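Engineer: Okay, here's the structure, questions in a sec.
The values are calculated or read from the model by the stated rules, or taken from the named source; none is laboratory data. Small disclaimer: the values here were computed from a predicted structure and weren't measured. Cβ placement follows ideal geometry from the backbone for every residue including glycine, while neighbour counts extend to all protein chains displayed. Just the protein is used for accessible areas: all its heavy atoms, side chains included, with ligands, DNA and RNA removed. Shrake-Rupley method; radii C 1.70, N 1.55, O 1.52, S 1.80 Å.
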Number of protein chains: 2
Amino acid sequence: MQQLLTDHGVVVSILFGALSLAAAAVLIRSVLSADNGNSKMVEIAKAVQDGASAYLHRQVVAVALISVLVFAGIWLLRDTATALGFVVGAVCSLAAGYIGMTIAVRANVRTAQAASKSAHTALQVAFNGGAVTGLLVVGLGLISVGGFYLIVLKTSENPKVAIDSLVGLALGSSLISVFARLGGGIYTKAADVGADLVGKIEQQLDEDDPRNPATIADNVGDNVGDCAGMAADVFETYAVSLIGGVLVGFLTAAGYEQALTYPFVICGIAIIGALLGIGFVNFTKLDATRSLVGGVIISGVVTALLLFPVTRAMFPEAMIINGKTVGSNQLFLCLLVGIVMTYASVWITNYFTSTFHKPVRKIAKASETGHATNIIAGISTGHHATLVPVLCIVASIWICYSQADLYGIAIAVVSMLSLSGIIISLDAFGPITDNAGGIAVMSGLDPKVREITDGLDAVGNTMKAVTKGYAIASAGLAAMVLFGSYVEELKAHLGGIYVFDLMNHKVMIGLFVGGLLPFSFTAYAMDAVGNAAGAVVNEVRRQIDKFPGILKGTETPDYGQCVDIVTKAALKQMVLPALLPVIFVVAMAFLGPEALGGVLVGTIVTGLFVGISMTSAGGAWDNAKKYIEDGNHGGKGSLAHAASVTGDTVGDPYKDTAGPAVNPMIKVVNILAILIIPIIFEASKH
Amino acid sequence: MQQLLTDHGVVVSILFGALSLAAAAVLIRSVLSADNGNSKMVEIAKAVQDGASAYLHRQVVAVALISVLVFAGIWLLRDTATALGFVVGAVCSLAAGYIGMTIAVRANVRTAQAASKSAHTALQVAFNGGAVTGLLVVGLGLISVGGFYLIVLKTSENPKVAIDSLVGLALGSSLISVFARLGGGIYTKAADVGADLVGKIEQQLDEDDPRNPATIADNVGDNVGDCAGMAADVFETYAVSLIGGVLVGFLTAAGYEQALTYPFVICGIAIIGALLGIGFVNFTKLDATRSLVGGVIISGVVTALLLFPVTRAMFPEAMIINGKTVGSNQLFLCLLVGIVMTYASVWITNYFTSTFHKPVRKIAKASETGHATNIIAGISTGHHATLVPVLCIVASIWICYSQADLYGIAIAVVSMLSLSGIIISLDAFGPITDNAGGIAVMSGLDPKVREITDGLDAVGNTMKAVTKGYAIASAGLAAMVLFGSYVEELKAHLGGIYVFDLMNHKVMIGLFVGGLLPFSFTAYAMDAVGNAAGAVVNEVRRQIDKFPGILKGTETPDYGQCVDIVTKAALKQMVLPALLPVIFVVAMAFLGPEALGGVLVGTIVTGLFVGISMTSAGGAWDNAKKYIEDGNHGGKGSLAHAASVTGDTVGDPYKDTAGPAVNPMIKVVNILAILIIPIIFEASKH
């Protein structure tokens, strides 16, 4: 087995990836075979599907233009393999989002229909719709990274060339993912905020009232943002972690073939865990939260149990890495750290964003004294939410480093991300139930259906927050891996030893500029939502003024016009924030490798806190509103409720646009820096 | 002159400090000799004075307990001189705040009376009341640091001992200043928010309505927070910068006597600039903003012009610092960088917080669509406000480092802070006019008086924001100086060379933990305001329920009870956040010098952004409300106005509690780290 996994570990993992895709195909069949309800439901679902596809098509065109430029740049300034890698990464990242969303927009109407039978059937349809995305991401991730690596290796017969070209793949996936997170995030929140501002506040319409011209756009937004954007983001995190693991294995454990294939094997084996977890959710009859959490626990435990003998088999003798003796026990411990980190990040996010714990209830209570105290409580909750994750991250770094140096941290990151399959399944389940509720209301189904979907949606809200916490926490843990890759690449290309001493003023300058990036980036992202929402508000007001029959229910609003406007606005508004990290990295590169190294670390240090605090606060605000709507602190219609709606609206761009986009933004900074080393620094050496 | 300034520069600067105190005495006489109005006004002013003194007395008692413990710790674990330095720093920091506030609470009633004559007379009285604090801070700062240094030098005959003991002085001033900023900030905002929530929102009373039982507490808060807290904070910044300059001069420019006295001389000469600036505001008849800005410009220009020949005289020959040739031209350039940084930070803060520019108007416009959009616009403005200051800081670091290594940065920081005299004068002017307005309303003066004080107050709001931006920007610029001092102290005590490489996992862990501190600290600080405000709300509600005559105006509320409650609450609530940095620094020290070094830098990196974004957003929200109240976007009573009140209330703990307290918090972390080097690391070496 040792020989098989060492020599053919990549091939084996690709086979597991194929298994994952096959399972996704089975789930797609199962979802599509479910009853899709009456003709009204089909019609509404069709409108959402069309809007979502139209948006994604235009996003592809917009992103394609920029990608062609980047491709040309890499091709001219670096090499063909890296440029091709960029294309593969970009295409797979898009594909993961696109296919996942295509299924999600079909699962939503079927979930609504299933909810008219029972809550558990609805859970099953929605979860399986989400699991398609989960399996796609890990399957595509493994096959693209592994396959591309093997092809380049075969062609060039030089592992260094093959690994370098993977950096191109990482950049492709990261860049697409920034655009997808931002574009989708701006879309979904602009539509949401716009629909709420005119519909709910000015015209006192309910959520998802079909008389609101922006209501279809709002439902489209859930899909392009929470499904497609999220899938691209986690695909990127998964691919970059795997590539980081391979890179660090190659650079720090030189001479040990199995150090390079081990990350692939971890991801491959974890697919079995994911499949069993998905099976658990389908075949048990527990309530939603228990089913889903049970699925996560099973995935992690199965993955760990399987990897114990595998690790022993692959590393019968200890390696010597940077003076440390690293055997299978050390590696397995690092692997466990990654799995525990996953559990911890799920638990912590759940604590801060679920209606059952103190933080959300504190915000709900603070709403009694008005809008301002709700906001202060939410912001403070976001800041508080950074404490435990960061302490977990530093503890993980400490343990893994002591066990297996930088490679140990890389393994922890890979094992953390290897659980993506099940984690994304939970996340994608959220927007599907959210949309199912919308379709139920719009097509006038029994209010009981909406009650069932609302129950699932509250669980979905927490699960959505979980993925964001997970992605950004993994970026924190990966900080040293990404920085280490940068430093090793510097050595490989330029020779010599690089020290990034905090006493070097260039490093300090880099830290400040890097630290600035998440703040500027989120500022522009929040502005973008505001600008795009403004366009929606104007259009909704225009339609209501011009066609008075809309509010009376005698005329159908022009949903398409709203979809069109928010599509254009989102695409226009995403460009500036997405280019910000690119511009800063290229500019700072001219100050030299020390300054650029400082930028990488500075971005992670502030980005970690900005990302965690924004996504946690947003999730907590959302559920504080739900908690009040459940009849606490005066319930619907009270001052507390009005205040909680304010908090929820502030939380929208926090948790769905700016906050989650910080994770891919950090990656773009890091990978771009690695990529331009030979371009800028080698040139300036001559 | 060279010999005089090199050998006796410290003595000369102490004489300038004495001049500053003498000028303050003259201003005190002039303020006290102004007419203090009718008996009603005197009575109200007396209540505010009594409340403020009562609070400060109790704060002294509370802080004394903690200080005695710290003093004992330093005395036992380090040495007597350092422990005495701690006492001197703590006492002077308290004294600056105490005396400044004592004058401010007397200037406010006189400003109200002067405003019934003319706007310019009111400006003069209020400004001179503020200038007392400005002159006190620089005078006390120079005399305490210089005097203590000379005394220890004389006693020990060892410059190293004298300079080490200055670190104790720095810690004393920083620790007091964290407590003063936090305690005062919690007090002022708890009273303000509490008074607003019940008075304005529940009972529709106007600001400063005498029927509101919390109205005296609210006015007391302006004094204990914005006057005493601010004065302690800037005293700390001033003293620490001066000490940092001396320390770096001693450590990096060893053998050049004048490098050590030059920081003192800069501060001394700048007092002439401050006096001329204060004179300008008094003797010109421009409008408020122009007078004040003119005063700042004159102070800076005069200081620079005087220091040019002085620098040439003190450095007739170039020094060699870390391989760089550093002559008077290089040093003068660094000095100019500090003065330009001051102007830049004034200009930038003014841009982001004054009603005349885009950011505030954007927030005002966003208020039209409600509470949530107001908040989003404010938060985004805060994030945007970090860009230019940080770019200025990194440019300054770059220039100064290239000119004169670390010493150049230290000189820039000293020259920036040497302008404290005039900057604080502007700041302290704000709460005086704010209080004057309160007294005018409460004592039923002609509404025209309130109009005049309101006009001055809007200017004061921006000026208050300016000082906070200035203090936190100086902390960013001082980052390398503080870190450099830490590293040099490590070398001095432990020997050997220390490298803080970002590739060292301990450094990375330190960066994350340090980065965490400002987030946790501000979270607790915001909670503290909420908790203390809750106590005020309950008390106000109780009085109104129990004594129905209060609202009818037939019964006088028990103001003292509110003052008492908020005093106790503020003191109780300040302890946890103030101890947070102390606990983290001591705990992280056990992970070794690399981890602790990472903590220092991490705290500055995130603290800079958290501090700037919070203080800017808060100032912008406040003035957006004022802008709407001036009749824009629907004016008072509109939805936009209600939304802007929400923003202003959220901004209160942002700009007056959590945000400004980040600056002294950063300093405590840095100085404590320097101080415990020999205690923890030398012990663990044995």
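Engineer: What's the long-distance tail for segment A:413-460, i.e. % of Cα pairs beyond 17 Å? Write out the running numbers ahead of the final one.
Structural biologist: On the way: 485 of 1128 pairs.
Summing the P(r) of segment A:413-460 above 17 Å gives 43 percent of all pairs.
Engineer: Could you run the numbers on buried accessible area between B and A, total for both chains, 1.4 angstrom probe, in Å² to the nearest 100? List each step's numbers first, then the result.
Structural biologist: Values: alone 23460 and 23450 Å², together 40690 Å².
Protein heavy atoms only, the B-A interface buries about 6200 Å².
Engineer: Per residue and in cubic angstrom, what volume does the convex hull of the Cα atoms of segment A:2-685 have?
Structural biologist: Details: hull volume 89.4 nm³, N = 684.
Dividing the Cα hull volume of segment A:2-685 by its residues yields 131 Å³.
Engineer: Right, another one. About the Cα centre of chain B, what is the dipole size in debye to 20, counting +1 per Lys and Arg Cβ and -1 per Asp and Glu Cβ, all else neutral? Don't skip to the end; give the middle numbers.
Structural biologist: Values: 40 positive and 47 negative charges, 72 e Å.
Around 340 debye, computed over chain B.
Engineer: Quantify how much of the Cα-Cα distance distribution of segment A:483-528 extends past 16 Å, in percent. Please report the intermediate quantities before stating the final value.
Structural biologist: Numbers: 597 of 1035 pairs.
Here the tail beyond 16 Å accounts for 58 percent of pairs.
Engineer: Here is a follow-up. Leaving out ligands, DNA and RNA, and with a 1.4 Å probe, what % of the accessible surface on chain B is carbon or sulfur? It would help to have the intermediate numbers written out before the result.
Structural biologist: Values: 12950 of 20350 Å².
With neighbouring chains kept in place, the figure for chain B is 64 percent.
Engineer: A further question on this structure: Average the reciprocal distances over every distinct pair of alpha-carbons in segment B:54-174, invert the result, and give the Kirkwood radius in Å. Before the final figure, lay out each step's value.
Structural biologist: Numbers: mean 1/r = 0.0622 Å⁻¹.
Value: 16.1 Å, from the Cα pair sum.
Engineer: Shielding of B:364-374 by partners, i.e. mean partner chain Cβ atoms within 10 Å per residue? Numbers along the way, then the final one.
Structural biologist: On the way: counts 0, 1, 2, 0, 0, 11, 10, 13, 15, 10, 4.
Mean shielding count: 6.
Engineer: May I pose another question? Remind me, relative contact order of segment B:524-632 in percent, using alpha carbon pairs under 8 angstrom and six or more residues apart? Before the final figure, lay out each step's value.
Structural biologist: Working: 41 pairs, mean separation 25.8, N = 109.
Across segment B:524-632, relative contact order equals 24 percent.
Engineer: With a cut-off of 8 Å between alpha carbons and a minimum separation of six or more residues, what is the relative contact order of chain A in percent?
Structural biologist: On the way: 1333 pairs, mean separation 143.6, N = 686.
That works out to 21 percent.
Engineer: Using 1/(1 + (r/R0)^6) with R0 = 30 angstrom and r between the beta carbons of B:Ala25 and B:Ala64, what's the FRET efficiency to the nearest 0.05?
Structural biologist: Working: r = 27 Å, r/R0 = 0.91.
The value I calculate is 0.65.
Engineer: Follow-up. Please report, in cubic angstrom per residue, the volume enclosed by the convex hull of the alpha-carbon atoms of the protein assembly as shown. Please report the intermediate quantities before stating the final value.
Structural biologist: Details: hull volume 212.0 nm³, N = 1372.
Expressed per residue, the convex hull around the Cα atoms of the protein assembly as shown is 155 Å³.
Engineer: Can you give me the solvent accessible area of B:His8 with a 1.4 Å probe, rounded to the nearest 10 Å²?
Structural biologist: Ignoring ligands and nucleic acids, B:His8 comes out at about 90 Å².
Engineer: Within segment B:476-514, whose backbone N sits under 18 Å from a point 7 Å along Cα→Cβ of A:Leu387?
Structural biologist: Output list for this probe position: B:512-514.
Engineer: So what is log10(I(q)/I(0)) for segment A:582-645 at q = 0.14, 0.18, 0.22 1/Å, when the Debye sum runs over its Cα atoms only?
Structural biologist: Relative scattering, expressed as log10 I(q)/I(0), comes to -0.57, -0.69, -0.85.
Engineer: How many Cβ atoms of partner chains, on average, are near each residue of B:393-406 if near means within 10 Å of its Cβ?
Structural biologist: Working: counts 5, 13, 1, 1, 5, 6, 0, 1, 5, 1, 0, 0, 1, 2.
Mean shielding count: 3.
Engineer: Using only the Cα atoms of segment A:1-71, each taken as one equal point scatterer with no solvent, compute I(q) by the Debye sum, divide by I(0), and report log10 of the ratio at q = 0.11, 0.24 Å⁻¹.
Structural biologist: Scattering profile of segment A:1-71, log10 relative to I(0): -0.63, -0.98.
Engineer: Calculate how steeply helix A:593-629 sits against the longest principal axis of the alpha-carbon atoms of chain A, using the helix alpha-carbon long axis, and give the answer as 0 to 90 degrees to the nearest 10.
Structural biologist: Computed tilt is about 30 degrees.
Engineer: Within a 10 angstrom radius of each residue's Cβ in B:650-663, how many Cβ atoms of other chains show up on average? Whole number is fine.
Structural biologist: Rounded to a whole number, the mean comes out at 2.
Engineer: Compute the FRET efficiency between B:Phe356 and A:His57 as 1/(1 + (r/R0)^6), taking r as their Cβ-Cβ distance and R0 = 56 Å, and round to the nearest 0.05.
Structural biologist: 0.80
Engineer: Here's another thing I want to ask about it. Please compute the modelled spin-label separation between B:Phe308 and B:Leu77, points set 7 Å along Cα→Cβ, answer in nm with one decimal.
Structural biologist: Roughly 4.9 nm, to one decimal.
Engineer: Another question, then. Going 7 Å from the Cα of B:Leu4 in the Cα-to-Cβ direction, what parts of segment B:21-38 have a backbone nitrogen less than 15 Å from that spot?
Structural biologist: Answer for this model: none.
Engineer: What does the accessible area per residue of the protein assembly as shown come to in Å², with a 1.4 Å probe and no ligands, DNA or RNA counted?
Structural biologist: On a per-residue basis, the protein assembly as shown sits at 30 Å².
Engineer: Give the angle, between 0 and 90 degrees and rounded to the nearest 10, that separates the Cα long axis of helix A:2-32 from the longest principal axis of the Cα atoms of chain A.
Structural biologist: 10 degrees
Engineer: Additional query: Report, in debye and to the nearest 20, how large the dipole of segment A:1-155 comes out about its Cα centre when Lys and Arg carry +1 and Asp and Glu carry -1 on their Cβ.
Structural biologist: Working: 9 positive and 5 negative charges, 61 e Å.
For this selection, approximately 300 debye.
Engineer: Return, for the Cα atoms of segment A:479-593, the radius of gyration and Dmax in Å, separated by a comma.
Structural biologist: Rg and Dmax of segment A:479-593, Cα atoms, are 23.6, 76 Å.
Engineer: If each residue of separation counts as 0.36 nm, what is the full-extension length gain between A:Leu15 and A:Ser156 once their alpha-carbon separation is subtracted? Intermediate results must be reported in sequence, preceding the final value.
Structural biologist: Details: separation 141, 0.36 × 141 = 50.76 nm, distance 2.31 nm.
The span from A:Leu15 to A:Ser156 would gain 48.4 nm if fully extended.
Engineer: Inter-copy label distances at B:Asp287, 7 Å along the Cα→beta-carbon direction, one decimal in nm, shortest first?
Structural biologist: Listed shortest first, these distances are 6.3 nm.
Engineer: Order A:Glu257, A:Glu555, A:Glu489, most accessible first, counting only protein heavy atoms with a 1.4 angstrom probe. Intermediate values should be presented prior to the final figure.
Structural biologist: Details: A:Glu257 105, A:Glu555 75, A:Glu489 0 Å².
Putting A:Glu257, A:Glu555, A:Glu489 in descending order of accessible area: A:Glu257, A:Glu555, A:Glu489.
Engineer: Consider just the alpha-carbon atoms of segment A:420-498 and return their Rg together with their Dmax, both in angstrom.
Structural biologist: Looking at segment A:420-498, its Cα Rg and Dmax stand at 21.6, 71 Å.
Engineer: What ranking, highest mean first, results for peptides B:300-311, B:530-541, B:653-664 when packing means the other Cβ atoms within 10 Å averaged over each residue? Walk me through the numbers on the way to the answer.
Structural biologist: Values: B:300-311: 19.6, B:530-541: 21.6, B:653-664: 31.5.
Packing order, densest peptide first, comes out as B:653-664, B:530-541, B:300-311.
Engineer: Distance in nm between label sites at B:Lys572 and A:Lys285, each 7 Å beyond Cα in the beta-carbon direction?
Structural biologist: About 5.2 nm separates the two model spin labels.
Engineer: Note every residue of segment B:487-505 with a reduction of at least 20 square angstrom in accessible area, all protein chains present versus the isolated chain, computed with a 1.4 Å probe, or write none.
Structural biologist: Buried on complex formation: B:Val499, B:Phe500, B:Asp501, B:Leu502, B:Met503, B:His505.
Engineer: Here's a follow-up. Could you tell me which residue out of B:Leu292, B:Thr133, B:Ile376 lies farthest along the dipole of segment B:2-685 toward its positive end? Charges go on the beta carbon: Lys and Arg +1, Asp and Glu -1, centred on the Cα centre.
Structural biologist: Value: B:Leu292.
Engineer: Right, here's the next one. With a 1.4 Å probe and all protein chains kept in place, how much accessible area does B:Asp209 have, in Å² rounded to the nearest 10?
Structural biologist: B:Asp209 exposes around 20 Å² with every protein chain in place.
Engineer: Out of A:Gly549, A:Ala90, A:Leu19, whose Cα points farthest toward the positive end of the dipole of segment A:2-685 (charges: +1 Lys, Arg; -1 Asp, Glu; placed on Cβ)?
Structural biologist: Value: A:Leu19.
Engineer: Points 7 angstrom from Cα along the Cβ direction at B:Val499 and A:Glu317: gap in nanometres?
Structural biologist: 3.1 nm
Engineer: Heavy atoms only, 1.4 Å probe, whole protein assembly: order A:Lys546, A:Lys667 by accessible area, highest first. Numbers along the way, then the final one.
Structural biologist: On the way: A:Lys546 130, A:Lys667 5 Å².
The residues order as A:Lys546, A:Lys667, largest area first.
Engineer: On a 1.4 Å probe surface of the protein chains, which of A:Phe584, B:Phe235 comes out largest in accessible area, and what is the full order? It would help to have the intermediate numbers written out before the result.
Structural biologist: On the way: A:Phe584 35, B:Phe235 0 Å².
Descending order: A:Phe584, B:Phe235.
Engineer: How do the peptides A:352-360, B:368-376, B:146-154 rank, highest first, by the average count of neighbouring beta carbon atoms within 10 Å per residue? Mind dumping the intermediate values first?
Structural biologist: Working: A:352-360: 21.0, B:368-376: 26.6, B:146-154: 18.7.
Per-residue Cβ counts within 10 Å, averaged per peptide and sorted highest first, yield B:368-376, A:352-360, B:146-154.
Engineer: For segment B:400-545, compute Rh as the Kirkwood radius over C-alpha pairs and then the Stokes-Einstein diffusion coefficient at 25 °C and 0.890 mPa s; write the answer in µm²/s, rounded to an integer.
Structural biologist: Working: Rh = 20.1 Å.
Diffusion coefficient, whole number: 122 µm²/s.
Engineer: Now for a separate question. Quick check: Cα centre of segment A:33-93 to Cα centre of segment B:326-365, how many Å?
Structural biologist: What the calculation gives is 44 Å, centre to centre.
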